[in-house]
Every structure is written in structure tokens, then in C-alpha cells.
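Got a structure here, written out as C-alpha cells. Questions coming.
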Amino acid sequence: MSSRNNTEQSDTASGVQIAIILLGILVTPLLLASSNLGSQLTLGSAALVIAVGSLILTVLAVINIIIGEKARLPTYGIVKYSFGSKGANAINVIMAISLFGWIAVTANMFGNSLQNLLITQFQLDLPFPLIVAFGCVIFVASTAFGFEALGKVSKFAVPIIVLLMLVILYMSLTSSVAVVEKVSTLSFGAAVSSVVGTIIVLVATSPDFGSFVRNRKHAIMAAVLTFGVAYPVLFLIGAIPGSITSEDSLLSAMAIIGTTLPAAILLVFACITGNAGNMFQGTLVLSTLFTKFPKWQITVTLGILAVIVGSMDILTWFIPFLLFLGIATPPIAGIYIADFFINRQDGYDEASLEKDPAIKPLTFVAWVVGSFIGFCTVNGWFTLSGIPSLDSLLIASIGYFIFTKMGSKTSQKTNSNA
């Protein structure tokens, strides 16, 4: 029997509500990546890259949120079917590392933004680790009360975030700052992969939110509104100050354009909504690995670790981190997407997990091959689609499809010979 009925209608949310939560989560990485991308590309090139990357994300998000709606399971429950009940633990470790990376980066960004705000507006220079710790207390508190509280935080903060981004857009377009010539050698494929990699972990784990959505119509609505409409528009707005000034951070760009005040306030709000979501998902994933600990203890531990790592100078690792996510994470989604279309059209039957192997080695082969192909193409060793993150996803999907068909034929021959 499918686990679809495990979620009651009263516990579900509309497509708009899910979109607001997703938007609150993705704004922080969006602001980091858009400023960096804008500093390396002309505005026209950036717009094309953003459009292509957003289209890829929208298609993947539609499928993934539908899968969550069908399964009524979080992502860690879904990957068990393709990787095995024990094999999924290895994948959840990858997801946990990725999510913690974003938690730490966002905590660092919160510290930088609030420190800048306090110094420029109030001449108050507090120790950086203290500010990061203050932010992590807010993140933990926003996460501790679960999905409903996450929705309330996003519903309050997202309109403010959008308004502040429009203020920044107006200031950028009306400034007298001369556009700085670009000297970057960032390729089209690598640029698209950075757009995709910025939130590929969110898209790959979007079944978490699909499991709460009312029905398939609302699942599609949530994906399209978030990744097809809001994401490209806000990403382009975020790229404009960097494109004008060639500064790779929003605060640095706005310091040249005029004032850092709206940018600093924007980043503070974005970090709160973003890290509340990151910690919510990180807690879900880690709870599968540390089953003896209550979720609140996992959330608090994430907060403590975020204070330690977030207080370090970690933004220099940001683009390599994005490229890693853009290569290693899509194959995971590619595999459970292929599994959904091949094996799960009738739902996710928990009884099948007991019959299947606890670890499925060929699935891991498909994941490793997909990741390796993405690594090769991002380094320019050869070219497939021109977008390494898409290469890795498609190769993993095809590999899983082939291995599944091979396994089915082997099983049929064994049964016929018996």
C-alpha cells in the first residue's frame, strides 16, 4: 500500500504557500551567487545564463515536487527505494554535508551583513563570532517549531525581501556609476551550472515540501512560481549591481552605487528565512542517520556547529562549493526521478523495501558515473550538453534505467530456469 495516505488533507499546504517557503529558503544563496555571477558577466550574458538555469530547475522541481506529492514521503524516504534501505544512508550523508555547507555559509553571510549594518548605522563594532551566534539562535528558534512555523516566518519576511530587492534595483538603474569592463573567462556551461548549483540541493530535496502539498496541481504551481518566475527575476535583480560594478558581493557593489543600508537589511532577512529552511531540511536528513536523538537536539547541534564554521572566512570556497553541488547532487535526483517513472507509478510500497537488497551497488555505480561525467565536462575535458550539472543528471538517469532493465531481464531468466 502506498504511503500517500499518511498525510491528511488538513496537514497540507497550497502551491502558493509552498512557493513562499521555498522562496524564503533560496533567497540567501541567490543573493550570494547572483552578485558573484553578475561581477563576471555582462548583463545580457547573465540574463541568458539565468534563463537557461532556471528552466532546468523548473523542470526538475515540477517532477520532484510531484514525486513528493505522490509518495507523501520526504526525500530521505524516497531515495531508499532506489539506493536501498541502508544504501540511502550514504546519500543522506551527502545531502547532510551539502545542507550544512549552506547553513554555515548563510550564518557567515548573516554575520557580515549585520556587522556592516551595526557599524555603518550605529557605529557599533561587535565581535564577529558573537553576531554569528546571535543569528544561529534565531535560526534554531525558527526551526524548532516545525513546518508550520517555517511557513509563518517566510510569509512575514518574503514580502519585505522582495520590496528591498526592488529598492536595490531602482538604485542600481538610476545610479551614475560607469559599467566596469568584465575580464572573466567563466564559460557558459560553468555559469549555468553555478545558477543550477546554487539551489540544486533545494530542488533535489524538494520532495520534502511536495509531501505537504495538497495535490498535483498545487505541486506544479509551487514549482513554476518558485523556480520559473520568482527565481530568475530575483536572480537577475541580484546580478545587476555586480554587473555594473564588477564587485562580487552585494554589499561591496551597493557601497559603490550609493548606500549599503537596503542591502544589509535585505541580507539579514534573507539569512533568517534561508537558514530556517536549511536547518529544517538538515534536521530531517540527519534524523535518519542519528535515529536515537530527538530532532530538537539535532537542530541545536547544527546551530552550534554553524557558529563555529560560520565564524570562519568561508566565502572564498563558495564558487567551488557551488560547482561541486552542481555536479554531485543532480545525479541523486536523476536516479530517483528515473526510479519514479520506471517503478513507482502506482505509488511507493513500503513492503517492497523488505524484499529489495538493503544496498544496491549498481545504483551507486550510476551515481558515480554521472558525477564523474559532470566533473569531466565542467573541467572542459569534453562536452555533452554544455551544462555539466545537466550532464551528470542525465547520465545517472540513463545509467539507472539501463541497470534496472538489466536486472529485470536477469530476474526473468532466473525465474524461467527455476
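Before we move on, is residue 337 in contact with a helix residue (DSSP H, G or I) (Cβ under 9 Å, 6 or more places away or on another chain), at pLDDT below 90, surrounded by 20 or more Cβ atoms within 10 Å (Cβ to Cβ) and closer than 24 Å to residue 198 by Cβ?
no
With 225, 166 as the choices, which residue is touching a helix residue (DSSP H, G or I) at 6+ places or on another chain (Cβ under 6 Å) and either assigned to a helix (DSSP H, G or I) or of a type in the set (Asp, Glu) (or both)?
From the options 225, 166, the qualifying one is 225.
What single numbered condition from (1) touching a helix residue (DSSP H, G or I) at 6+ places or on another chain (Cβ under 8 Å); (2) open to solvent by 20 Å² or more (accessible area, probe 1.4 Å); (3) among the β-branched types (Val, Ile, Thr) fails to hold for residue 245?
(2)
When you check residue 404 against the structure, is it surrounded by 15 or more Cβ atoms within 10 Å (Cβ to Cβ), touching an Asp or Glu at 6+ places or on another chain (Cβ under 7 Å) and not aliphatic (A, V, I, L, M), yes or no?
no
Answer with yes or no whether residue 255 is more than 23 Å from residue 316 (Cβ to Cβ) and of a type in the set (Gly, Ala, Ser).
When the stated conditions are applied, residue 255 does not pass them.
In segment 351-401, which residues are closer than 21 Å to residue 95 by Cβ and of a type in the set (Asp, Glu)?
Within segment 351-401, 356, 391 meet the criteria.
From 284, 289, grab the single residue that is in contact with an Asp or Glu (Cβ under 9 Å, 6 or more places away or on another chain) and either open to solvent by 60 Å² or more (accessible area, probe 1.4 Å) or more than 30 Å from residue 188 (Cβ to Cβ) (or both).
284
I'd like the full set of residues that are outside any helix (DSSP H, G or I), within 18 Å of residue 77 (Cβ to Cβ) and open to solvent by 10 Å² or more (accessible area, probe 1.4 Å), limited to segment 348-382.
Once the filter is applied, which keeps residues that are outside any helix (DSSP H, G or I), within 18 Å of residue 77 (Cβ to Cβ) and open to solvent by 10 Å² or more (accessible area, probe 1.4 Å), segment 348-382 yields 349, 350, 356, 357, 358, 359, 360.
Okay, moving on. State all residues of segment 42-77 that are hydrophobic (A, V, I, L, M, F, W, C) and farther than 19 Å from residue 333 by Cα; if no residue qualifies, say none.
The answer is 43, 46, 47, 48, 49, 50, 51.
Out of the residues in segment 383-393 meeting the condition of being in contact (Cβ under 8 Å) with a residue 40 or more places away in the chain and buried (at least 22 other Cβ atoms within 10 Å of the Cβ), tell me which one is farthest from residue 327 (Cα to Cα).
Looking at residues that are in contact (Cβ under 8 Å) with a residue 40 or more places away in the chain and buried (at least 22 other Cβ atoms within 10 Å of the Cβ), I get 387.
Only one of 97, 138 is closer than 23 Å to residue 210 by Cβ and open to solvent by 30 Å² or more (accessible area, probe 1.4 Å); which?
Every option except 97 fails the conditions.
Of all residues in segment 340-361, count the ones that are among the basic types (Lys, Arg) and out of contact with any helix residue (DSSP H, G or I) (no Cβ under 6 Å at 6 or more places or on another chain).
Here the count works out to 2.
Here's a follow-up. For segment 26-36, indicate whether the set of residues that are over 14 Å from residue 200 (Cα atoms), open to solvent by 10 Å² or more (accessible area, probe 1.4 Å) and either outside any loop (DSSP other than H, G, I, E, B) or not basic (Lys, Arg) (or both) is non-empty.
The answer is yes, given that some residue of segment 26-36 is over 14 Å from residue 200 (Cα atoms), open to solvent by 10 Å² or more (accessible area, probe 1.4 Å) and either outside any loop (DSSP other than H, G, I, E, B) or not basic (Lys, Arg) (or both).
Output the number of the condition that residue 170 fails; it satisfies all remaining conditions of (1) open to solvent by 40 Å² or more (accessible area, probe 1.4 Å); (2) closer than 30 Å to residue 243 by Cα; (3) modelled with pLDDT under 90.
(3)
The values are calculated or read from the model by the stated rules, or taken from the named source; none is laboratory data. All values derive from a computational prediction rather than experimental measurement. In this analysis, Cβ positions are derived from the backbone assuming ideal geometry, glycine residues included, and neighbour counts consider all displayed protein chains. Each accessible area value is taken on the protein alone, full model and side chains, heavy atoms only, with ligands, DNA and RNA left out. Shrake-Rupley method; radii C 1.70, N 1.55, O 1.52, S 1.80 Å.
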